[in-house]
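Reading through the structure tokens given below for one structure.
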Amino acid sequence: MDDILKKYLPERSVQSCLALVQRTGVHLKIVNERVTRHGDYRRLPDGRHQITVNATLNKYRFLITLVHEIAHLVAFEKYGKRIKPHGSEWKHTFQDLMLPFIRPEIFPGRLLPLLARHFKNPKASSSTDAQLSIALKEYDERHSDKSYVFELPLGSVFRLYNGKLYKKGNKRVKRYECIEMKTGRMFLFQPNAEVEPVTE
């Protein structure tokens with residue numbers, strides 16, 4: 001397990017992550033990329049705990065995702081199954097587990113203030129924190145030809161991963177109103193949603 005984790009995590013975080021995995025007894029599976037999620041936690045029918053994390057994540061996002069999912073397990077064990085998956089119990093658990101990792105030996109200096117801000121009140125996904133998500137993307141090995149919604153001019157047409165076409169509209173407080181071309185329905189998009197611009 002040690003050698004496997006070295007491939008996916010920042011070097012100085014491997015031993016602490018290994019200790020977390022062993023302490024919780026979780027079965028960690030590293031899986032092929034899923035577009036809609038970075039990882040997940042589930043309790044298997046036989047009572048064992050399983051976490052999956054996408055193999056394609058950069059090492060900093062992999063670390064955040066792994067700790068995020070372990071926090072689900074720890075919070076459910078500590079507070080019971082009736083808690084909200086991303087409620088206050090999970091947030092406190094995630095903060096406690098993540099705090100020892102937010103150090104310059106593990107994360108690049110430019111990510112530290114963004115992480116410190118994010119972990120004051122962690123969200124259900126680091127992807128909904130636009131500033132952190134954009135900063136983390138700079139460490140991806142594969143640079144895609146996709147754009148962020150906030151970069152596109154007003155009125156631009158773009159394609160989502162599922163093939164549906166949308167037209168970018170005005171910005172509400174934080175998110176953009178985008179009209180699905182086929183149905184005319186309006187959807188709200190995070191500014192850092194990755195999309196494929198369509199040139200008409």
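Helix 88-98 axis versus longest C-alpha principal axis of the chain: approximately 70°, rounded to the nearest ten. Counting only Cβ charges, +1 for Lys and Arg and -1 for Asp and Glu, the dipole size of region 51-100 around its Cα centre is about 120 debye.
In a simple Cβ point-charge model (Lys, Arg +1; Asp, Glu -1; nothing else charged), region 2-137 has a dipole of about 320 debye relative to its Cα centre. With a ≥ b ≥ c taken as the square roots of the eigenvalues of the C-alpha gyration tensor of region 147-198, please select rounded if a/c is under 1.5 and otherwise prolate if a/b is larger than b/c or oblate if it is not? Verdict is oblate for region 147-198.
Please report SER125, SER133 as a ranked list, fewest other C-beta atoms within 10 angstrom at the top and most at the bottom.
Numbers: SER125 16, SER133 21.
So the ranking, lowest neighbour count to highest, is SER125, SER133.
A dipole drawn for region 49-123 from +1 and -1 charges on Cβ atoms has a positive end, and of PRO113, ILE51, VAL74 the residue lying farthest that way is PRO113. For the chain, the longest principal axis of the C-alpha atoms and the axis of helix 59-79 are separated by about 60°.
Mean residue ellipticity at 222 nm, helices only, the chain: -10000 deg cm²/dmol; runs of at least 4 DSSP H residues each add -39,500 (n - 2.57), and the sum is divided by the number of residues.
When the C-alpha to C-alpha distance is required to be over 18 Å, the pairs from LYS29/LYS78; LYS29/LYS123; LYS6/LYS59; LYS29/LYS146 that qualify are LYS29/LYS78; LYS29/LYS123; LYS29/LYS146. Rounded to the nearest 10 degrees, the angle from helix 14-24 to the longest Cα principal axis of the chain is 70 degrees. Taking other Cβ atoms within 10 Å as a rough exposure proxy, CYS17, CYS178 sort from fewest to most as CYS17, CYS178. Note on Rg/Rh (Cα atoms, Kirkwood Rh): of the candidates (1) 1.13; (2) 1.00; (3) 0.93, the value calculated from this structure sits at (2).
Each value in this text was obtained by applying a stated rule to the coordinates, not by laboratory testing. Bear in mind that the values here come from a model prediction, so they are computed numbers and not experimental data. Glycine also receives a Cβ, built like all others from the backbone with ideal geometry; neighbour counts cover every protein chain displayed.
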